[in-house]
Every structure is written in C-alpha cells, then in structure tokens.
Amino acid sequence: MRIRFAGVRGSWPRTAPRFAQYGGDTTCLQVTPRDGPTVFVDAGTGITAAAELLPRPGGDLLLLLTHTHHDHLQGFPSLSPLYEPGWRLTVAAPEFVPAEAAVRKLMEPPLWPLALDSLRSTVAFRQLSAVFAWGSLEIRHLAVPHPGACSAYRLDESGGGSLVFATDIEWGAWDDAGRAAFARFCREPRPVDLLVMDGQFTDEEIPARRGWGHSSLGDCVAAARAGGAGRLLTTHHSPDRDDAAMVAVEATLATLLAGAAAARQGQELEL
C-alpha cells in the first residue's frame, strides 16, 4: 500500500508561511492499496486537495472516521467527489463513533446549503465489524481514550505492509490493561511496520494538558516500543507549533527512538 499524509495538523488549520514546511491542513491520511479503491482516514481540511487529485471519472472511495470532532470532519463538505456523478463513497466507523449522525448534521442547513441526500454522488454508511475487508486490505479498529469517542485503525495488506493510525489518543489516560490492548493491536497478526500516532505535546507540556485527549512525544515512543512498531511517525501537530518548533520536535524524537520523526503534509511512503 502507498500512504500519503494529506493533513497532519491538529485542532485547527494554519495557513501562514511559517507552517508550510510541515503543513497546516488538519488530519487526513490517504491510503492507496495495491488492489482496490482509495481509502481516506479522516476528513480534515487535507482531504480537499487530496480528493481533487483522484483519477476521474468516479468510482468507489472509503472514508474511515476516527471520531467526529470538527477538525477531523471540516474538509468533508469540500470533498469534490460528493458533487460529481459516478462516485460511491462509503463512510465507515465502529458503532461507538456516531459517524452518520455527525456527517448528516454537518451537511444540513443552516450549516451547509446542500443536504447529503441531494448530492450527485452516492453516499452510504457502514458500521465496522471486527475485521473489514476492502480490496487487498484488512481493516481493524480499537477504541482509544479521547473525549467523546475515538478509534485507532490498523490496515494490513495481503502480502504487503501494515499500518496503525492512532490520532487523538491520550496514552496517559490508559491503565495497564488499555496499554496492553494497544500493544496487542500493534503486534497482531504481526508487528506493525508503521505506527502513526498523535504527538501533539512535548513531555514538558503534557502535565498541564491531562484530559485533553492527546499524547506527548515520550508517550508515542513508549507506545511504539510496547507495540514493536517498525517505525514511528507523530502527527496531529499542535497548531501553535511552527516549522522552527517542529524541527526541534524532530530532533527530540531522534534522541528518544531511532528513526522516529514527525509526519509532514505531502509526505508519501510505500509499505
């Protein structure tokens, strides 16, 4: 599978030049499997430009929602395939994430002039089972601690790579059993090639931000080690952290875990 970081910023987008190196769009990950249609994880502002580059005309798309907070949905109304005939979008999430209710509310007047059922595309909603097959991918989910409800996702490609995407997770809010469950999620059916995890805060910042639903750089390293991940990239970067500050974040990560880095908008990887 090929992955592309279409948006890596947390909480709200930033457009100033000093955020250009790491990117200012909010969360969206694009996954292109070897076989089967494109998958997006979350619909932050990053999904807008990513969707415009999809091959036309039409086809199937899968959107996995980790949760329904605004910064992970705010790009949905500007998703261009919604307004073109021939596209079939499946919006999927576990039962504890109220995906359909949130998307329908977002796409209704007075919040948006065009209701979901009036669009030229076909939009369907799916409640995920324990293992969901999409083309050459097997998709699993795990509830993670975050205000409201949130899910991490694991994507395994038949004969290929594996990815765990865990944004908006507060590692420090978990007890030993929760952390052990996450480690198993990363290790089974085999150790994951890449862990992408919310590292919005530094270790110095996190004590004053307990209960906010996010993790620190040290938390991400602890999770990667517990899960035996082949590589760690942090995401959901603080909206206050410009490029100069992000360079410092990457320097810190490098001292904590070999190969660890901060994801950048536009970055592509083959797993």
Query raised in the report: Restricting attention to the stretch 232-247, does a residue exist that is at pLDDT 95 or above, surrounded by fewer than 17 Cβ atoms within 10 Å (Cβ to Cβ) and assigned to a loop (DSSP other than H, G, I, E, B)?
Result: yes
Report summary line: If we ask which residues in the stretch 1-12 are within 15 Å of GLY266 (Cα to Cα) and open to solvent by less than 80 Å² (accessible area, probe 1.4 Å), their number turns out to be 7
Query raised in the report: Which of the following residues is under 22 Å from ASP168 (Cα atoms) and more than 17 Å from the chain's Cα centre (by Cα): VAL91, VAL97, VAL123, VAL131?
Result: VAL131
Query - Cross-chain or 6+ apart pairs with Cβ under 9 Å, the stretch 178-201 first and farther than 26 Å from ALA6 by Cα and in contact (Cβ under 8 Å) with a residue 40 or more places away in the chain, then of a type in the set (Asp, Glu) and assigned to a strand (DSSP E or B) - result: none
Requested in this report: Report yes if GLY172 is surrounded by 16 or more Cβ atoms within 10 Å (Cβ to Cβ), more than 19 Å from the chain's Cα centre (by Cα), among the small types (Gly, Ala, Ser) and not in a helix (DSSP H, G or I), otherwise no.
Outcome: no
Query raised in the report: Between a first residue in the stretch 122-143 that is under 16 Å from ALA99 (Cα atoms) and a second residue that is part of a loop (DSSP other than H, G, I, E, B) and open to solvent by 50 Å² or more (accessible area, probe 1.4 Å), which pairs have beta carbons less than 7 Å apart while being 6 or more apart in sequence or on different chains?
Result: GLN127/GLU95; ALA143/PHE96
Requested in this report: Report, by residue number, each residue of the stretch 211-226 that is in contact (Cβ under 8 Å) with a residue 60 or more places away in the chain and surrounded by fewer than 16 Cβ atoms within 10 Å (Cβ to Cβ).
Outcome: GLY211
Report task. Go through LEU65, LEU53 for me and flag whichever is modelled with pLDDT of 95 or more, aliphatic (A, V, I, L, M) and at negative phi. Result -> LEU65
Query - Selection from the stretch 13-37 of residues that are open to solvent by 20 Å² or more (accessible area, probe 1.4 Å) and part of a loop (DSSP other than H, G, I, E, B) - result: PRO13, ARG14, THR15, ALA16, ALA20, GLN21, ASP25, ARG34, ASP35, GLY36, PRO37
**Report entry** Only one of ALA229, ALA208 that is more than 21 Å from ALA93 (Cβ to Cβ) and either among the aromatic types (Phe, Trp, Tyr) or in contact (Cβ under 8 Å) with a residue 40 or more places away in the chain (or both)
**Finding:** ALA229
Report summary line: For the stretch 68-118 the number of residues that are open to solvent by less than 20 Å² (accessible area, probe 1.4 Å) and either in contact with a Leu (Cβ under 9 Å, 6 or more places away or on another chain) or not in a loop (DSSP other than H, G, I, E, B) (or both) is 19
Query raised in the report: Hey, any hits in the stretch 54-66 for a residue that's buried (at least 19 other Cβ atoms within 10 Å of the Cβ), touching a residue at least 60 places away in the same chain (Cβ under 8 Å) and not in a loop (DSSP other than H, G, I, E, B)?
Result: yes
Requested in this report: Check whether at least one residue in the stretch 38-50 is modelled with pLDDT under 95, part of a loop (DSSP other than H, G, I, E, B) and either in contact with a strand residue (DSSP E or B) (Cβ under 7 Å, 6 or more places away or on another chain) or open to solvent by 10 Å² or more (accessible area, probe 1.4 Å) (or both), and report yes or no.
Outcome: no
Query raised in the report: Any idea how many residues of the stretch 123-164 are assigned to a strand (DSSP E or B) and within 16 Å of GLY213 (Cβ to Cβ)?
Result: 4
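The values are calculated or read from the model by the stated rules, or taken from the named source; none is laboratory data. As the structure is a computational prediction, the values presented were derived from the model and not from experiment. Positions of Cβ are backbone-derived with ideal geometry, glycine not excepted, and every protein chain shown enters the neighbour counts. The protein model used for the area step is the full one, side chains on, heavy atoms only, and it has no ligands, DNA or RNA in it. Shrake-Rupley method; radii C 1.70, N 1.55, O 1.52, S 1.80 Å.
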